[in-house]
Amino acid sequence: MFQSRSTLIIFITGLMVAFSIYGCGTRQVITEGNAGDGYYKNNAQTDRFRQQVERGFESVRRLQNTVMYRTYLFNPNQTITRSQIGSFNIENVAVASEVESVTNAGTATVLSNNGIKAVFLTASHTVSRPDTVIHIYDIDTGSPEDRVEAVSIKISENHFVIADAGIVGLDLVASNRSKDLALLISNEPIEEQYNLDAIALDPGKFNEVEWGDAVVAMGYPRGVQMITKGVASLSNHPHRSLVMDLNINRGFSGGIVFALRSDGSGMEWVGMITSAMGERELYLAPEDGIQTDYNPEIPYRGESYVKSRPVIYYGISYAVDINEISRFIQENRNLLRSRGASTGVFR
């Protein structure tokens, strides 16, 4: 997966600067030269870092999720409230129905792979979709008397990671929404050509992470394989104790975070990205289905609607720390074993 350099080009600068400093009867000669291996400098300025990134992306994979819903539409002239849902057969009351799919992407990490079953760790919100979605007219206040426009019921759900030789289907086996952690297991034998190696980088010690420490995250924002580096801050939040100034984007949820050891030994796993700070923004938009080219000289005279969209505050990213991850995996150890899988480095 990770595209490594295959050709080594060596630049020899052959430049030698010599000069003499006279004083106190001594002579000093200083030389400068370049004896590097020809690679550009990486962020950690060590070959070990480069190697660990390559190995990391053999375990950190792009995750895709697709959920199919059947949506039942009600007669707009008929008043059906939230409190009434469940007291009648929706199929008998609905005036129409349609099937729609909801897709999203994230990042998942291979925890273990015994050649038969592979276990993946990701953020719970990337793989957890509600079984039933109630659509409300106007503003959803949460009141039992909110007027219902339609109800969507989940009819299928599929998760898979993109491997070197194709896709591997997954089943969701454990989820903790408060911690935003989830475990998935492959639902088919893992073939060698998929190249799904279990994460080889050691879990670190989160209690040794300090303000200002360098952190590195690996994942798939917008489906793009990417590594990014930032600075760590700490938080008192019970499940989001690591804050970073990473410019993450959608799809980075589930990406793993590493800290760089000061002794030059490289990276250690200290957390997993769960979210970025943001809010919902309201805006005016034309009615759906309007297909007209924008012309600033012609005023729009159609209906306008209030819509909302999420807005990310880039540079404020949250992660669950490695201690929480370890506890979550240990809590589900027996479940994984009953499915023929193991906990990998969290023994």
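The values are calculated or read from the model by the stated rules, or taken from the named source; none is laboratory data. As the structure is a prediction and not an experimental result, all values here were calculated from the model. FYI the Cβ positions are ideal-geometry reconstructions off the backbone, even for glycines, and counts take in every protein chain you see. Side chains included, ligands, DNA and RNA excluded: accessible areas come from the protein's heavy atoms. Shrake-Rupley method; radii C 1.70, N 1.55, O 1.52, S 1.80 Å.
Annotations for the structure displayed:
- Pairwise alpha-carbon distances in segment 196-347 exceed 20 Å for 60% of all pairs.
- Computed over protein heavy atoms with a 1.4 angstrom probe, the accessible surface ordering of 175, 253, largest first, is 175, 253.
- Neighbours of residue 136 by Cβ distance under 13 Å: Lys/Arg scored +1, Asp/Glu scored -1, total -3.
- When the residues 66, 126 are ordered by accessible surface, computed with a 1.4 Å probe over the protein chains alone, the sequence from largest down reads 66, 126.
- 3J(HN,Hα) along segment 189-197, derived from phi through the Karplus expression 6.51 cos²θ - 1.76 cosθ + 1.60 where θ = phi - 60°, amounts to x, 8, 8, 4, 5, 5, 6, 9, 7 Hz, with x in place of Gly and Pro.
- Normalised alpha carbon radius of gyration of segment 73-168 [divisor 2.2 N^0.38 Å]: 1.52
- For the residues 228, 107, a 1.4 Å probe over the protein chains yields an accessible-area ranking, largest first, of 228, 107.
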